Structure formats: C-alpha cells, structure tokens
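Here's the structure, in structure tokens; my notes come after.
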4 protein chains.
Amino acid sequence: MQDKKLKYILHSIIFEADTRIGKVFDIVLLVTITFSVVIVMLNSVYELHLKFGDLFLTLEWIITVIFTLEYFLRIYSVKRPLKYIFSFYGIIDLLSILPTYISLFVVDTHFLIVIRMLRLMRIFRVLKLVRYVNASNTLLVALRSSRRKIIVFLEVVIIIVVITGALMYLVEGPESGFTSIPKSIYWAIVTITTVGYGDIAPQTILGQTIASMLMIVGFAIIAVPTSIIGSELVKVKSRSNTRVCSDCEYPSHDDDAICCKKCGSKL
Amino acid sequence: MQDKKLKYILHSIIFEADTRIGKVFDIVLLVTITFSVVIVMLNSVYELHLKFGDLFLTLEWIITVIFTLEYFLRIYSVKRPLKYIFSFYGIIDLLSILPTYISLFVVDTHFLIVIRMLRLMRIFRVLKLVRYVNASNTLLVALRSSRRKIIVFLEVVIIIVVITGALMYLVEGPESGFTSIPKSIYWAIVTITTVGYGDIAPQTILGQTIASMLMIVGFAIIAVPTSIIGSELVKVKSRSNTRVCSDCEYPSHDDDAICCKKCGSKL
Amino acid sequence: MQDKKLKYILHSIIFEADTRIGKVFDIVLLVTITFSVVIVMLNSVYELHLKFGDLFLTLEWIITVIFTLEYFLRIYSVKRPLKYIFSFYGIIDLLSILPTYISLFVVDTHFLIVIRMLRLMRIFRVLKLVRYVNASNTLLVALRSSRRKIIVFLEVVIIIVVITGALMYLVEGPESGFTSIPKSIYWAIVTITTVGYGDIAPQTILGQTIASMLMIVGFAIIAVPTSIIGSELVKVKSRSNTRVCSDCEYPSHDDDAICCKKCGSKL
Amino acid sequence: MQDKKLKYILHSIIFEADTRIGKVFDIVLLVTITFSVVIVMLNSVYELHLKFGDLFLTLEWIITVIFTLEYFLRIYSVKRPLKYIFSFYGIIDLLSILPTYISLFVVDTHFLIVIRMLRLMRIFRVLKLVRYVNASNTLLVALRSSRRKIIVFLEVVIIIVVITGALMYLVEGPESGFTSIPKSIYWAIVTITTVGYGDIAPQTILGQTIASMLMIVGFAIIAVPTSIIGSELVKVKSRSNTRVCSDCEYPSHDDDAICCKKCGSKL
C-alpha cells in the first residue's frame, strides 16, 4: 500500500509537469543537464583541463550518479517499466549515463555524454508549450510525407557524387589531393553541398571545368529539397485548415466547398 | 508660452518629415550619419589613419557633439521624454553618441559608432515610402508567426552541432585542428551552414565520412527555414486579401475587384 | 519452339520483377553491382591496391564477364533487341562493362566502371515501389515544365560569370591567382555558387568590392531556381488533383472526396 | 528612292529575324560573337598568348572592324537612329566595339570585349522562342514586384554586415587578417553569404562565437529572398491565369469566380 503511494508520488514528481513540485523537478533537471554538458565542453579545452581537470571529473561523476539514481527511480515508479526503457526518452536517459561508466574502460569516451543534450528536448514539456510541439509536429508531418521524394533526390545526389568522384580521381590524380576515389567522393560532397573547404581543389583545366559543372548542378539542386518540403508544408497547412461536416463529421473540406465531399449534405 | 512655441517648432523640424524644413533636416541628418560612418571606416585603414588620423578624430568629435545636441533637443521638444528615451529609436540615438565618449576611457571603442548606421533606417520615413514600411511589416509578420517553428528548428540544429562537435573531437583530435569541443562545435557550425572556411578540416577517413553526412544534413536543412518563412509569407498575403461581399458575404476578393465574384453585387 | 520457350523463361527471369525467380535475380544483380563499385573504390586507395590489387582485378574481371554474359542474354531474350540496346537502360548496361575492356588499352580507365551505379536505379523496380516512381515523375514533370525559365536563368548566370571573370582578371592579375580569364571564370563560378574554396581569392580593395557584389548577387540568385521549381511543383500537384464531378462538372476534388463539393452528388 | 530601298533591305537583313536572309545574318552574328569571346579568353592564357598572340590580335581587330561596320549600318538603316543608339541593345552594341579601340591607348582593356556576350541575348529572338521571352518576363515581373521587400532585405543585410565588421575588427585585430573595417566587412559578406573562402578567419574564441552567430543568421536569411521571390512568382502565375469577362473584357478572374469582379455579369 505504502509502496504504491510512494510510486504515485515519485511518478507525479518525475514524470508530470503539471504539479508544482513536478515543475521544479523538471527545471532542476534541465539546469543540471546544461551544467554537465558545459563542464564536459570546458574539460576538453586543454588549458582548463590542466587547471580544473580533477574538479570537472568529480562534478561529472556526481551528476552521473544522480542521473543513474533518477533513471532507476523512473523505472521503479512508472507503471510499465519495459515500455519506458525502450521508449525514445528511456533510451536517451540510458545513453546519458553510459559514457561516464564506459570511460572507466575506454579512454576519452566520457566526452560522449554530450548526448545528454537530447534530454533538453523535455523543455517543451516543462514550458507546456503545446504550440511548440504542434510546430515540430507540422515539420515532422511535412518531412514524412515528402520522404519518398527525398529518397529519390538523395539517390540521385549519391550517384552524381560517386561518378564525379571517380572521374576527378582519373583527371586530377594524387598531385592535387585526389588520392583515392573515396577521397574524391568526399571532395564531390564538399563541392555539391557548396561547403567548399578548399583543402582539396582541382588544379587542371579539365578538373576545374568538371568542378564548375558540379557546382552549378549543386546550385540548381539546392532548389529541389526546398521545393519538396515547402510544397508539403503548404499541403499540411491546408489539411489542418479543417472544416468538419455537421452530418458525418468528415474533416478537412476546402474553404470554397458548399457540400460535404463524403456524404454530400450541405456544409 | 514662448517655450511651448519653441518646443512646437523644434518638434516639427526634428520629428516630422512632412514640412519642408523637417525634410531638409532629415536629409542633412542622413548625410551626416553616412559621412561619419565612412570616416570611422577609413580611420581603421592603417595607411589612412597615419596620414589623416587627426582630421578624422576632429570630424568624429564635431559630429558626435552635434548628435549629442540633437539628442537633448529631441528629449526637450518631445511631449513624453521618457517614452522617447526608451523607444527603439531613442536607444539607437543614445548608442550612436556613447562610443565616442567611452573611447576617452577605453581605447578603440570609438569604432563602435558604426552602430549609428541603425539611424539610417529613418530613411523610409524621409522618403515617405509607406509601401517600404508595409513591405518590411509583411516580412516581420511572416517572421513572427513562424517564430515557434524557427525555435524548434534552431534547437535541432544546436543539438546536432554539439553532438557532432564532440564526436569529431574524439575522432580527429588536436592534430587536424579539433583542439577542443567548443572549437569542434565552431567547425560543425561552419560546415552545417555550408560556409566552409577550411581553416579546420577533417583528415581521417572516419572524420571525413561524418563530415560528409553533416554536410548533406546541412544541405537538406537549408530547405526548412525557407519553407517555413515562405509558407508564412504566402499566408500573410492571402490574409491581407480578405474583402468580404456585403450582400452574400463571400470572402477573399482581390484588391482590384469592384463586384463580388459570386453574386455580382457591388463591393 | 524450344528456343522460344528458353527466350520466354530468360525474359521472365531477367526482365520481370513479379515472379519469385525474377526478384531473386534482380536482388543478386543489385548486390553484385554494389559489390563491384565498392571493389573499384577500394582499389583506388593506394595502400589497399598494394596489398589486394591482384584480388581486386580478378574480381573485377569475373564480375565484368558475368555482366557481359547478362548483357548478351538480355539482347537474346528481348523481343526487340534494337529497342533495348538503344534504350536508357540498354546504354547504361553497355557502359557498365566497356571500361574494363578499354582498360586493356588505356591505363586506369577501369575506374570508370563506377558508372555501373546507374544500374542501381533498377532498385525502384525490384522493390515495386510504384510510389517512388511517381515521386520521381512528379520531380521530372516539375523540372521539365520549368525548363525554359531555368535556361534563361542559366544564360544570365553564364553572362554574369564571364563578364565578372574578365573584369577580375584585369583588376587582380596573376599575382592573386587570376592567371587567365578561364581561371577567373572558374573563380567566379566558385563564388557565385557560394562554394568558395579560397584557393583563388581577391587581394586588392577593388577586387574584394567586386567579389562582394558578386556574392550578394549569388546569394539573391539562389532564390530564383528554388522559386521556379517550387512554384512548378505546386502546379504539378494541383494539376494531379483534378477530379471532375460528372453531374455539375465542378473540377479539382481531393483524392479522398466521395461526393462533389459543389452539388453533393456521388463522384 | 534607291537609298530608301537599300535602307529597307538592310533593315530587313539586320533587324528582322523572320526572313530567311535575316535569320542567316543573325546566326552568323551569334557565331561570330561567341568566336570572338572565346578568342579573348584564350588570349588571356599566357602559354597560348605567347604562341598565338599575334593571330588572336589580328582576328580580334578583324571582328571589331566588322562589328563597327555593322553598328553604323544599323544606325543608317533604322528609322529613328537616336532611339536605337540609346536603346538597351544599341548601348550593348557600342560597348562591344569600344574596348578594342580603347586598348590602343590603355593597356589590356581589350579583355573587356567579353561584354560582347550580352549581345548573345539576341539568341531568343533568332530562335523565335517567344515562350523563352515570356519565361524571362515572368521572372522580371516577379523580381520587379518584390523590389521593395528586396531593398528592405538588402538594407538589413548591409547594416548587419557593417556592424559585425566593425565588431570583428575590434575583437580580432590585424593578427587574424582583420586589418581594417572595410576588410572586416568584406569578411562578413563572405561569411553571411556562406561563400567562406577562409583567406580571413577568426582565431579568438570570442571572434569565432560572433562568426558562428553571423553564419546562423546568414543561414536563416537565405530563406528570405527565396520566400519573397517565390511568393511573388506564385502571384504572377495566378495573375497570368487569365479568365476574361465577355462583357467588359476585364481580365484575371479567379478559377472559382462565377461573376465578373468588375461589371458583375456572369462569366
């Protein structure tokens, strides 16, 4: 009986954001996460590591132990522990504590705890910003329904990049930095995405001509994903522009519709 | 009585752009602002500073004193001085004169008077280009209503950039220039925005593979803000097109419509 | 008679993807293609070439002989061999085997067999992803109908790039890397597409001013292809949504509409 | 009388593209223009200049003399010579021959005859591609009606770039290449347009932080011109989607309009 009550209290503190104490808990959590990520970043700066390395390590271990405790409390207090463990947030919570423990065996892996940042996505829940969640949902729906076109697009990009890479490996050769086809493909990606580091750059006239063509293709190709996602986003919007039929409750009629498109009764 | 009249005249000269003298005042102001910004720029060129440094400094002080005088006249002539002081333009006007005075104590800060440029935004008022103001309003409305989606988008970008940065710090290490996580994050931002300086660039095969993936993500991600703002801009436009027929109440007539496009009665 | 039957069986295996054996054949084909492209890539890495060069070459020849056999079986089993030979896929199939044979006479050309990758486009057929084909068709239709605007756009870009190139050649000269007009045009393309390698960069003030203007033009110009393709894509979509009511002939009903949205009769 | 006939014949050859001889003339012209631009380009390559410099110069002078002759024939045969001289094409035609003559006095200016390329825009007339002209008109209309928003946008970009430039000059100083405010502004333009040469790059942590923010602003800002022009292009399209009223001949009614929006009669 008491165990049940404890579980209930813990659940309301840890999982809910509506009660006052639940809100405080979430805010403390977010601050701690941010704090621990900043510590890891600072620890990677050599000068700071020399001076405060021990302090950083101690703080990291303290926070990790707290997060581990929190993780087990979550498992304990939730109704279906397995569902939580394999949920998106459950996996993130586990990944957030693992790197520190692994760093006992493999050097430097504790830097990977920046993955903790993913926990910051809870911020939307804390601020009760339903509209933020809606906004990200709209984006996700648009991305999902343009999935197929994006896969076709990516395949075309990959084929262009591999063929251009092989061509440039033949044309330019190792003297200009095109030492292998994989490296040439890396250069082609750097070029077609208009990043253009310049660590590898064509030197021969033929190579520069091919590169110019690749650039213009990349320039034109930027348009494609923008157009795809953009036109999906417009569609998502119009779909959410819902007029519901009063007879059959079928949603999403156009603004100029006079009759329900399902049952035919006047709107 | 006379004080009141003086205030009125000053107000009409300084704040209004409809009277002839007010217009002349505004144009002289704009020319002076541009002139002073150009002087500061030229003064930063070492060769010119050696030759004309004293001249530049004198001119800068003269203009600053004039602007200071103008600032106090504005406070004096306006009806509600506090409201002006804390308004957008009031703060800009203050920031436009401060750097020169601060440069008496802190070296080189007088270069910050380029902030004066913000005063140039008054140009829209001078040219009475109401339509320019409308244009910038349309942009602002579109940006404001896509605020939430842009925040979600920026959070995703920040999370990607921090995690990739930490990963590249582990994979590449200080030999390739990835000396710390903050620096690696800087590199990730340079890459995902497709700027690509090339001052830091991955050298290992694993690093180049991760970089390639980051580039393609960045390439695809450019599409998102474009699509968001674009679809908002379309919305803003259609919203501004709602004229409703007074007879049949059919909405969304074009600006050039004289008769209702449904029932045919005069709008 | 038997020849006809053999042809029929071969055709159903090689060309069709509906029968079980046809599907197995296609999957084996796709795996073999990917495998052979990976081998060519690895062979171009100098360290791996030293160690496994002979193995790679042997594998490449085995795969090429298999593909050659497959190519002749395709010609043999298809009803109209000439139509196949000059079809898109027929040419790709031929190009996929030629480089290995040419490499007997011209050194290093066997790297060109990465063109085999184009055969991977059959994957859409194997997976029976009609919707993928639709997606790529939508893209193609949008690209085709915006063809003219894109040609006008490209001509403008080429004219800007050539004139700026010649100008920069005069302004900067060989000291900054602008050794000839073609090279300057290459720089202008690198700049206007916002790739920006930095291998050639203006050094003089005049040169940097012209470069800045070119960059801003490039920045603004990115908008144009995006807008063109985007607005075509929206058009393609709305066009594909035209279902006309058989009673009142009101057009453009949605795909999920059962009744006409104007008169209410069944569609 | 004969003079008039000569004028008429010349006019039909030089200015018209409908007659057979007029078409031949235009094609010869286009080929000659392309040929002369290619010669100038090749002449700028040092190795080719050494070998064929004299040949190139001779050809250039021959073509220039022909173009000069053509220019005067145009003035002679046209009805209103002054209108032609000050028209867009008239000025281009003059600029196409001037650089060669100027090169007699000022060294190397003959490279500027690449401006001849602008004459290639006549190609649309030759190919009678009315639809190409329409396509470029649609683009021009969209650009023109989004003029104001683009000016507002450019002013914002210029203000951001100047202020960031001055800030970086203070933060980074001459050691990192930020030797003057104009140069820092050049860097800011290189960064905000995502070109990113890398010839100047921030070295300090503060500088890299400011640069990161500028990049993200640039990343977000790319969206704005795309959205502006895109939404205008959609508008232009719908405007050109003209249904004309049979009574008052007022154009550009919407697709779902039942009555004319000007006179109110049924469409």
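The values are calculated or read from the model by the stated rules, or taken from the named source; none is laboratory data. Only a predicted model underlies this, so the values are computations on that prediction, with no experimental measurement involved. For neighbour counting, all protein chains shown are included, and Cβ atoms are generated from backbone atoms with ideal geometry for every residue, glycine included. Accessible surface is based on the protein model in full, side chains and every heavy atom, while ligands, DNA and RNA are left aside. Shrake-Rupley method; radii C 1.70, N 1.55, O 1.52, S 1.80 Å.
Here is how the numbers come out for the structure above:
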| read-out | value |
| --- | --- |
| Modelled FRET efficiency - R0 22 Å, B:Phe35 with D:Ile159, Cβ distances, 0.05 increments | 0.85 |
| Centre separation in Å (Cα based) which lies between the stretch A:1-35 and the stretch C:66-89 | 68 |
| C:Thr193 long-range amide H proximity, modeled H, under 5 Å | none |
| Calculated from backbone phi, Karplus (6.51, -1.76, 1.60) coupling profile of the stretch D:171-176 in Hz, x at Gly/Pro | 6, 8, x, x, 4, 8 |
| Karplus 3J(HN,Hα) series, Hz, for the stretch C:196-207 with 6.51 cos²θ - 1.76 cosθ + 1.60 (x for Gly, Pro) | x, 4, x, 5, 10, 8, x, 10, 7, 5, 4, x |
| Relative packing of peptides B:19-25, C:210-216, B:144-150 - highest average C-beta neighbours within 10 Å first | C:210-216, B:144-150, B:19-25 |
| Within 10 Å of each Cβ in D:40-48, the average number of Cβ atoms from other chains | 4 |
| Label geometry 7 Å along the beta-carbon vector: C:Ile9 inter-copy distances in nm | 7.8, 7.9, 11.1 |
| Phi-based couplings in Hz for the stretch D:44-50 (Karplus 6.51, -1.76, 1.60; Gly and Pro marked x) | 7, 7, 4, 4, 5, 4, 4 |
| Exercise: per-residue mean of other protein chain Cβ atoms within 10 Å, B:178-190 | 6 |
| Cut-off under 5 Å, modelled amide H: who pairs with B:Ile97 long-range | none |
| Dipole magnitude of the stretch D:2-128 about its Cα centre (Cβ charges: Lys, Arg +1; Asp, Glu -1), debye to nearest 20 | 780 |
| Nearest-first distances (nm) between copies at D:Val24, label 7 Å from Cα via Cβ | 6.8, 6.8, 9.7 |
| Estimated buried accessible area (total), pair B and A, 1.4 Å, Å² to nearest 100 | 3800 |
| Calculated label separations, A:Glu47, copies of the chain, 7 Å along the beta-carbon direction, nm | 3.5, 3.5, 4.9 |
